[in-house]
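Please read the structure below before turning to the comments.
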Amino acid sequence: MKVCPNCFSDTEIKGLISTSEEKGNCNICNSKDVHLLDIKELYDFFEELLENFQIVEDGEPLRSKIQSNWSFFASRGTATEILNSVLFEISSEIISSDDLVDYTSEIKENYNHWEIIKEELKWSKRFFINTAQLEDLGWDGFFNTQYELKSKDLLFRARVHHMSGLPAISTSDMLCPPKNKASGGRANPLGIPYLYLSDSKETTLYEVRAAYLDELSVGTFKLKGGIEDLRIVDFTEDTSLFQPTMVKDTIKARLLREKISIDLSKPMRRYDSEIEYIPTQFICEFIKVQTGADGIRFRSSLDTKGKNIVLFDQNKIECTKVTLSKITSLKLKAIDL
């Protein structure tokens, strides 16, 4: 069996197959005049991949599990054909793409440890958490998915005015509050201010929960002159599964980041306790120390198209202008509970 780039959605494996010198028609996805690679060349990768799954009674079909978590193949049909062909040739307890599977206990214990850490930080061990255990689990290497914030990139931050008719807030006042006035947030502890920004003006309006007819100051930010880029740990990136010799760590890291990302994005409700912030404050501190990154990026739960960026040091960025804005329309949606 030979496969082509169009059999897959994963960018890394598509790139590998595209380097093949052989070209022709693909019998799997019916693509014409494409690069072809004998599936035998991928047996080692698939064997390594399948070692991370175990058969369980209440599991999910293997093809569905891989597709729902990773979108690895171009389609479920393609996944079925390729997996069944590979499973016939390699050594695995799984013999069919229909077999019900889940991740191995080792992988589940790794990402589920986040729930244990959350409870410890909130209710039993706040300042003497066992970080050595996290390093043993490999967490110190799981936050290397980073992107570079460039000098050309613009970011935004909004502040709602407490009354109408006020002028726009000055550029200097759009930065973090002073340490003695910095309250705890989703990423920063009390007294340690981080700068919360969004990648669009629309997203930052949602993030400050602006109401109808509210007047706001919206600041535009960019890196200070002389700073070419900042390294940001990215909780929004879809990591490629095709990482030969590193598949297990790739799965562990991706699943852990996804669980943490949910908590980073979760909006705080009026009746929530600030204790709920502590686990994400901890993981941001862990990232800052372990990776040396300048901040984090995560998805906005209030604006599904937007992303938020938190910078650990505001001195690397500046507010270049502030625009006075007013909310003229608002759309709310409720669901029955």
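Taken together, the values in this text are just the output of simple stated rules run on the coordinates, not laboratory data. Computed from a predicted structure; not experimentally measured. Cβ placement follows ideal geometry from the backbone for every residue including glycine, while neighbour counts extend to all protein chains displayed.
Beyond 18 Å, what percent of the Cα pairs of segment 209-283 remain?
Summing the P(r) tail past 18 Å for segment 209-283 gives 66 percent.
Coupling constants for segment 30-37 follow from the phi torsions by the Karplus curve (6.51 cos²θ - 1.76 cosθ + 1.60, θ = phi - 60°), and in residue order they are 6, 6, 9, 6, 10, 5, 10, 9 Hz; glycine and proline get x. Our summary gives segment 2-103 a relative contact order of 30 percent, counting only alpha carbon pairs under 8 angstrom and 6 or more residues apart. Note on the chain: GNM, Cα springs under 10 Å; of 304, 291, 80, the largest mean-square fluctuation is that of 304.
For the chain, the pair-distance distribution built from all alpha carbon pairs, in bins 10 Å wide starting at 0, is 5, 21, 26, 22, 16, 8, 2, 0 percent. Ranked by the mean number of other Cβ atoms within 10 Å of their residues, highest first, the peptides 90-98, 68-76 fall in the order 68-76, 90-98.
Working ranking of peptides 160-166, 250-256 by packing, defined as the average number of other Cβ atoms within 10 Å per residue, highest first, is 250-256, 160-166. Who wins for biggest fluctuation among 103, 277, 43 in a Gaussian network model of the chain, springs between alpha carbons below 10 Å? Judging by the Gaussian network model, the answer is 43.
Spin-label model, residue 88 to residue 304: label points 7 Å out along the Cα-to-beta-carbon direction sit 4.1 nm apart. For the chain, the mean residue ellipticity at 222 nm estimated from helices alone is -9500 deg cm²/dmol, where every DSSP H run of n ≥ 4 contributes -39500 (n - 2.57) and the total is divided by all residues, rounded to the nearest 500.
First select every other residue whose beta carbon is under 12 angstrom from the beta carbon of residue 297; then total the charges, Lys and Arg +1, Asp and Glu -1. That sum, taken over residues with Cβ under 12 Å, equals -2. Select from 53, 286, 88 the residue whose mean-square fluctuation is largest in a Gaussian network model of the chain (Cα-Cα springs shorter than 10 Å). Result for the chain, Cα springs under 10 Å: 88 fluctuates most. Look at the alpha carbon pairs under 8 Å that are at least 6 residues apart: their mean separation over the length of the chain gives a relative contact order of 20 percent.
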